[in-house]
Amino acid sequence: MQLLTLGIINNLGESKEEIWRNVIIGNRNKLVKREIKPDKSIYVGQINNTLPKIANNKYNIRVNQLLLHCFNQIENDWIKLTKKYKLSRIGMVLGSNNVGLNKFEKLFGNYFQTKILSKELNPQWLECGILTEFMKNITRIRGPNYTISTACSSTAKAFAVARNFIKYNLCDAVLVGGADDLCEFTIQGFDSLGAYAHEKTNPFCKNRDGINIGEGGALFILTKEIGEINLVGIGESSDAYHVTSPDPSGKGAKLSMFRALNDAKLIPQQIEYVNLHGTGTIQNDEMELIAINNIFKDSKIKYSSSKALTGHLLGAAGVTELGLCWLMLSDINKQKNLIPHCIDGEIMCNATGLAALSENKKVRYCLSNSFAFGGSNASLIIEKRD
């Protein structure tokens, strides 16, 4: 199925071209400091661009603004699509983790200072479905639509549902993606777990110590045709090893990758690049390398974690990282650069396939991993056709 077009925004930029320029130079300056306590600052992947305004207060939350920005990038393709297919044959699947928590916590937090509850406060900001409800009003689609929230695998799993909409003839095309923004609840939560990095995150570094959180979103149009860049394999697993820690054996990660390979009818040696989940925590990186080295042991695979550039976008991580893979395969990447792996320090001894800065390679198949709390895992494979 064709990944027709992409709209994307994150800390690296507000357009495909700007983001890719910052990716290939490994620009880690876009991770900036944010104070979370009077005596403590951390790094985040923060967006400082002006976002589109939303007049209706019910929908006026940052995640919807991020989605609207992404949609504005692909609006011309969307108009062409709606002339080709009936709106009743176009679906939508979005993913998010925080939804409107950022705005809710700010207004509700004021109550503890003033004892006055803001009239603007809307509990529906916390409902996952507010994303699809808003975007349905923007796009006017009448096909099946809903939001998925499975933590850090949310927008990766959205592609599995979107593909099934087409596979089982419910839709001819699907708008798929999602967004997440920065909020104190998740930042303070990861900090309290001891999972937040003291400096800029260093995935697969010997002395890594945690994550940075970022914000952003991305939208794809997935169609039933075969095109230049296609979604060819999806694998999912649920190892349920622990609420917050991954299975150290990498069993769940291996299973999702194997299922994606089997779904795409590929062998490991055909995958030239993997975008790792690569959070920078001790547990994730060790587990993921075990899985990668087990599956691709006889391969000259290259891999990297783009979270060193964007931070971890939580529910939006899956679609963002697939978006970076799409850019790598697209004509925007004229030099055939790989997404570089950028860290400060010594790499883990068994991470021998990390892609270097300015390393280039013609890639036909690439795989992107997203692993979430509770062992909710997803792996996606996309293909570039000549």
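The values are calculated or read from the model by the stated rules, or taken from the named source; none is laboratory data. This is a predicted model, so every value here is computed, not measured. Positions of Cβ are generated from backbone atoms using ideal geometry, with glycine treated the same way; all protein chains shown enter the neighbour counts. Only protein heavy atoms, including side chains, enter the accessible area calculation; ligands, DNA and RNA are left aside. Shrake-Rupley method; radii C 1.70, N 1.55, O 1.52, S 1.80 Å.
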Original post:
Amide H of residue 354: which non-local residues (sequence gap of 5 or more, or other chain) have their own amide H closer than 5 Å, using H built in the peptide plane?
Top reply: 303
Original post:
Using a Gaussian network model of the chain with C-alpha springs under 10 Å, which one of 344, 39, 263 is most mobile by mean-square fluctuation?
Top reply: 39
**OP:** Could you provide, to the nearest whole Å², the per residue accessible area of the chain with probe 1.4 Å?
**Re:** 40
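With a/c under 1.5 counting as rounded, go ahead and sort the range 200-241 into rounded, prolate or oblate using the C-alpha gyration tensor (a ≥ b ≥ c being the square roots of the eigenvalues; past the cut-off, prolate if a/b is larger than b/c, else oblate). Walk me through the intermediate numbers first.
Details: a/c = 2.65, a/b = 1.82, b/c = 1.45.
It is prolate, given that a/c is not under 1.5 and a/b is the larger ratio.
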Original post:
Given H placed 1.01 Å from N in the peptide plane, which residues other than close sequence neighbours of residue 95 have an amide H under 5 Å from its amide H?
Top reply: 148, 177, 178, 179
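If packing is taken as the average number of other Cβ atoms within 10 Å across a peptide's residues, how do 227-239, 18-30, 365-377, 105-117 rank, most packed first? Please list the in-between numbers first.
On the way: 227-239: 19.8, 18-30: 17.8, 365-377: 25.1, 105-117: 10.9.
The densest-packed peptide leads the list: 365-377, 227-239, 18-30, 105-117.
Place a +1 charge on the Cβ of each Lys and Arg in the chain and a -1 charge on the Cβ of each Asp and Glu, then give the dipole magnitude about the Cα centre in debye, rounded to the nearest 20. Intermediate results must be reported in sequence, preceding the final value.
On the way: 45 positive and 37 negative charges, 202 e Å.
That gives a dipole near 980 debye.
Run the numbers for residue 85 and residue 282: contour at 0.36 nm per residue of separation, minus the present Cα-Cα distance, in nm.
Working: separation 197, 0.36 × 197 = 70.92 nm, distance 4.74 nm.
So the chain would gain 66.2 nm between residue 85 and residue 282.
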Original post:
So how do 318-327, 267-276, 190-199 stack up, highest first, on mean other-Cβ count within 10 Å?
Top reply: 318-327, 267-276, 190-199
Original post:
Under a plain spin-label model, where a point goes 7 Å from the Cα along Cα-to-Cβ, how far apart in nm are residue 373 and residue 124?
Top reply: 2.6
**OP:** Specify the residue with the greatest mean-square fluctuation among 207, 145, 98, computed from a Gaussian network of the chain linking alpha-carbon atoms under 10 Å apart.
**Re:** 207
**OP:** Would you mind getting me the FRET efficiency between residue 294 and residue 238? Use the beta-carbon distance for r and R0 = 22 Å, nearest 0.05.
**Re:** 0.70
Subject >> Over the chain, relative contact order from alpha-carbon pairs under 8 Å, at least 6 apart, % >> reply: 23
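Give me the number: length gained by fully extending residue 386 to residue 359, i.e. 0.36 nm times residue separation minus the C-alpha to C-alpha distance, one decimal in nm.
Working: separation 27, 0.36 × 27 = 9.72 nm, distance 2.13 nm.
Answer, rounded to one decimal: 7.6 nm.
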**OP:** Show which lysines lie in cross-link reach of residue 37 when reach means a straight Cα distance below 25 angstrom and same-chain residues fewer than eight apart are skipped.
**Re:** 103, 106, 115, 200, 307
**OP:** Just check the range 136-207 against the gyration tensor rule for me: Cα atoms, a ≥ b ≥ c as the square roots of the eigenvalues, rounded for a/c under 1.5, and otherwise prolate or oblate depending on whether a/b exceeds b/c.
**Re:** prolate
Subject >> Amide H contacts under 5 Å for residue 214, placed H, 5+ residues apart >> reply: 45, 312, 313, 314
Subject >> residue 35 versus residue 58: modelled label distance in nm, points set 7 Å from Cα along the beta carbon direction >> reply: 3.9
Original post:
What nm distance separates the two modelled labels at residue 226 and residue 344, each placed 7 Å from Cα along Cα→Cβ?
Top reply: 4.8
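For the chain, list the DSSP H helices whose alpha carbon atoms reach 27 Å or more along the long axis and whose average Kyte-Doolittle value is -1.0 or above? Present the calculation step by step, with values, prior to reporting the outcome.
Details: long enough: 62-84 (31 Å, -0.51).
For the chain, where a helix must reach 27 Å along its axis and average at least -1.0, the hits are 62-84.
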Original post:
If you build a Gaussian network model of the chain, linking Cα atoms that sit under 10 Å apart, which residue out of 77, 298, 172 swings the most?
Top reply: 298
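Assuming 0.36 nm per residue, please report the length gained on full extension of the stretch residue 199 to residue 336 beyond their Cα-Cα distance. Present the calculation step by step, with values, prior to reporting the outcome.
Details: separation 137, 0.36 × 137 = 49.32 nm, distance 3.08 nm.
Gain on extension, residue 199 to residue 336, equals 46.2 nm.
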Subject >> Cα gyration tensor category, rounded, prolate or oblate, for the range 242-386 with a/c compared to 1.5 >> reply: rounded
